[in-house]
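For reference, the structure is listed below as structure tokens.
The values are calculated or read from the model by the stated rules, or taken from the named source; none is laboratory data. Source: prediction; values computed, not measured. Methodologically, a virtual Cβ is constructed for each residue, glycine included, from the backbone with ideal geometry; neighbour enumeration extends over all protein chains shown. These accessible areas exclude ligands, DNA and RNA; they are computed on the full protein's heavy atoms, side chains included. Shrake-Rupley method; radii C 1.70, N 1.55, O 1.52, S 1.80 Å.
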Amino acid sequence: MTAIDPTAHLTAEQIEELGRELDAIRDEVIAGRGEKDAAYIRKVISAQRKLELVSRGVLLFSFFPPAWLVGTAGLSVAKIMDNMEIGHNVLHGQWDWMRDPKIHSTTWDWDHVSPADQWKHSHNELHHTYTNVLGKDNDLGYGIMRVDEDQKWHPFHLGQPLWNFINACFFEYGIAAYDLELGKNLNKRRRKDPEFRARAKAVGRKIRKQVLKDYVIHPLLSGPSFLPTLAATFTANLVRNVWTHSVIMCGHFPEGVQVFERRSIKGETRGQWYLRQMMGSANISGSKAMHFMTGNLSHQIEHHLFPDLPSNRYAEVAVKVRALFDKYELEYVTGPLPKQVFSAWRKVFRLSLPNKKPKGTTPAREQELVAA
């Protein structure tokens, strides 16, 4: 949390009342879920599959530059749709209420090198439970970046703009690595742990499956267009990775988003949990098309408050949530994509440099941040 707590003006009673009002919003959406919502996700899945099929068909003739451009653009969009509006949200259980075994968090697989079950553990169970809590939320800096002024600076952090850029380009592999908690599992003893070895083998199998599909089978099917199709697929994956990384960065890293200490969540109530989600997330403003291409994670605040609500309902929920921000005099961090990207990257660069020790930092606080 910043030196000046932006929630300090709220009483315990107000925080719990806020929680009850947010519960009411959630209950209203759950009660209203129905065929219109189900038709939406089925339409999106159908459109994504058709777009991918057509794009890969066009790439059969990718030795012609116009076909390469059209096929690559279509495949990039299809991959973004698969990961964002479909895969991410289905794996969150947003559509489990439909009881459709083909569109369910327990059966869905996605176009991604991270196995679905491992992603659900690190993302749904850890990230969404411990949003922006230092030392608990693996999404916070992905274990390679300094994310808070009070964290001890090391020379390694000078390179974090570069580490972050590389992570953006190969984001799906970065996700797989931190789903495995690779950093803390690289020592000899942990590498021999049967559970870690089993998870690592699962990641290896998923990577082989993705590489075989994208870089062997489809290019071979293109015959004389083998190399152009190979380049097109690599480009589509790169576009998908950079776009996804940018959306996630904008949701948790711009200036104004709060970071929390581990001790702050001890005995956390429902209202306090809601408040942490509100202060630890940021939105992206824009058109309906932009919201769709982000998987509606442009409504990151609403997603963190209600991660299991259908993504197509976040826009209507956002109006009510923003009204609560105004009512309780809290800052609703939002802005257009260029502004949020610039803000997040500016923070990456700023925190890559050493800073003077804040006056209010106690030895206990410093020790906790170092451990994080």
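Here is how the numbers come out for the structure above:
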quantity	calculated
Breaking point among (1) open to solvent by less than 20 Å² (accessible area, probe 1.4 Å); (2) under 25 Å from Trp243 (Cβ atoms), for Lys213	(1)
Subset of segment 344-367 (residues that are outside any helix (DSSP H, G or I), more than 12 Å from Gln151 (Cβ to Cβ) and at pLDDT 50 or above)	Leu353, Lys356
Enumeration of residues in segment 216-228 that are open to solvent by 30 Å² or more (accessible area, probe 1.4 Å) and over 27 Å from Ala116 (Cα atoms)	Leu220, Leu221, Gly223, Pro224, Phe226, Leu227, Pro228
Tabulated pairs, segment 229-251, first surrounded by fewer than 23 Cβ atoms within 10 Å (Cβ to Cβ), second modelled with pLDDT under 95 and among the β-branched types (Val, Ile, Thr), C-beta under 7 angstrom, 6+ apart or interchain	none
Output for segment 320-338, where each listed residue is exposed (fewer than 13 other Cβ atoms within 10 Å of the Cβ) and assigned to a loop (DSSP other than H, G, I, E, B)	Glu329
Subset tally (residues that are within 22 Å of Ser105 (Cβ to Cβ) and not aliphatic (A, V, I, L, M)) for segment 118-176	18
Members of segment 282-302 found to be over 14 Å from Ile86 (Cα atoms) and surrounded by 23 or more Cβ atoms within 10 Å (Cβ to Cβ), listed by number	Ala282, Asn283, Ile284, Ser298, His299, Gln300, Ile301, Glu302
Filter result for the condition that a residue is closer than 27 Å to Pro354 by Cα, modelled with pLDDT under 95 and of a type in the set (Lys, Arg), over Lys188, Lys192, Lys136	Lys136
Check on Ser62, closer than 28 Å to Gln300 by Cα, of a type in the set (Ser, Thr, Tyr) and in contact (Cβ under 8 Å) with a residue 12 or more places away in the chain	no
Residue tally, condition in a loop (DSSP other than H, G, I, E, B), over 14 Å from Gln340 (Cα atoms) and touching a residue at least 40 places away in the same chain (Cβ under 8 Å), over segment 281-297	2
Members of segment 123-142 that are among the small types (Gly, Ala, Ser) and surrounded by fewer than 20 Cβ atoms within 10 Å (Cβ to Cβ)	Gly135
Neighbours by Cβ (under 7 Å, 6+ apart or cross-chain): first from segment 208-227, farther than 17 Å from Val58 by Cβ; second assigned to a helix (DSSP H, G or I) and among the hydroxyl-bearing types (Ser, Thr, Tyr)	Tyr215/Thr233
Scan of segment 164-185 for residues that are modelled with pLDDT of 90 or more and open to solvent by 60 Å² or more (accessible area, probe 1.4 Å), ordered by number	Phe165, Ile166, Phe170, Tyr173
Matching option when the condition is open to solvent by 10 Å² or more (accessible area, probe 1.4 Å) and either over 17 Å from Ala231 (Cα atoms) or of a type in the set (Val, Ile, Thr) (or both), among Leu69, Leu51	Leu51
Close pairs from segment 21-43: first closer than 15 Å to Glu316 by Cα, partner aromatic (Phe, Trp, Tyr) and outside any helix (DSSP H, G or I), Cβ under 6 Å, at least 6 apart	Arg26/Phe306
Test: residue in segment 268-280 that is surrounded by fewer than 23 Cβ atoms within 10 Å (Cβ to Cβ) and not in a helix (DSSP H, G or I)	yes
Flag if Gly34 is surrounded by 21 or more Cβ atoms within 10 Å (Cβ to Cβ), out of contact with any Gly (no Cβ under 7 Å at 6 or more places or on another chain), over 30 Å from Val147 (Cα atoms) and at pLDDT 95 or above	no
